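**Q** Pasting a structure here, questions to come.
Here, each number is a calculation from the coordinates, and none is a lab measurement. What you are looking at is a predicted structure, and each value in this text was computed from that prediction instead of being measured. With ideal geometry, Cβ positions are generated from the backbone for all residues, glycine too; neighbour counts draw on all protein chains shown.
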Amino acid sequence: MTKGKNQHVVKHPEGWAVKGAGNSKATKVTKTQAQAIEVAQNIARNQKSDTKIHGEDGKIRAGNSYGNDPCPPKDKK
């Protein structure tokens, strides 16, 4: 299975938007960032891609990988 597009959570005039990397249109617009993160995580899990969570300033503040991470953590929790 090929890896899907990374999912970005970005500020939107109507709240927060989930956008696939390189897409001009939002996949989903929500009222809160938490709702948008949940949507982005579900899409990323299905597509085996990553999430990129942007702050109000537009800078990436967090993210998660749901695919094959080329640099997995060394500690085994």
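**Q** Taking strands (runs of 3 or more DSSP E) that fall entirely within the range 17-77, which contain at least 1 residues that are surrounded by 13 or more Cβ atoms within 10 Å (Cβ to Cβ) and of a type in the set (G, A, S)? Before you say what the answer is, go through the steps one by one.
**A** Details: elements: 28-30, 50-54, 60-65.
Hits in the range 17-77: 60-65.
**Q** Could you run through the range 1-11 and say how many residues are without any contact (Cβ under 8 Å) to a residue 60 or more places away in the chain, within 15 Å of the chain's Cα centre (by Cα) and surrounded by fewer than 16 Cβ atoms within 10 Å (Cβ to Cβ)?
**A** 1
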